[in-house]
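For reference, the structure discussed in these notes is given below.
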Amino acid sequence: GTGLGLSTVYGIMQQHDGMVTCDSMPGKGSTFTVYLPSVAEHPPKREAVQPMAIRSGGPETILVAEDESALRELVRALLVSNGYRVITAEDGEEAVRLFTARREEIDLVLLDMIMPRMNGRRAYEQMRQLRPETPIVISSGYFGDAETSAFLEKMQHLILRKPYAAETLLRRLREELDRPRA
């Protein structure tokens, strides 16, 4: 990846009304402290979530743009094992290049927001100009800077928040693939 994943941790903490601090001393190391809000001693019981039957892929091709190689490979393997064809990109620039060359065969794009060389917002905008009808799902765990936050707020219906479960990813992509297009 491009760092220690601290932006993801920060995003998760903000989503849960928490915070994270770091104390660092040269030669001694660093200590990260995570603060989360307290909850009732006995939180209300949640109803058991019934697993949704997830239809396997079929003929769809998904472009996965993710800069963290381990996550990119994990998502690729999950999608392939569920019948999808997968094209991967390690940054926004490569994603746009692949989308430009293969846009007619790509049925959906899974696009990370924070990537080197070209961020997800710019990649999204360029792909929309090339083929606006292609569904794009944006995955992000970071909502830090004002420009990114404003874009993500506007695109709330397209967001898949990191970290996500495999079933959540499969369900979300299937929903977008099956959504009627005007």
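Each value in this text was obtained by applying a stated rule to the coordinates, not by laboratory testing. Computed from a prediction, not measured in an experiment: that's the story for all the values here. Glycine also receives a Cβ, built like all others from the backbone with ideal geometry; neighbour counts cover every protein chain displayed.
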Using the beta-carbon distance between E73 and C22 and R0 = 25 Å, what value does 1/(1 + (r/R0)^6) give for FRET efficiency, to the nearest 0.05? 0.30
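Provide the packing ranking of 17-28, 107-118, i.e. peptides ordered by the mean count of other C-beta atoms within 10 Å per residue, highest first.
Details: 17-28: 9.4, 107-118: 21.7.
Result, highest mean Cβ count within 10 Å first: 107-118, 17-28.
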Kindly provide the pair-distance distribution of the range 65-115 built from C-alpha pairs, with 10 Å bins from 0 and whole-percent values in order of increasing distance. 26, 57, 17
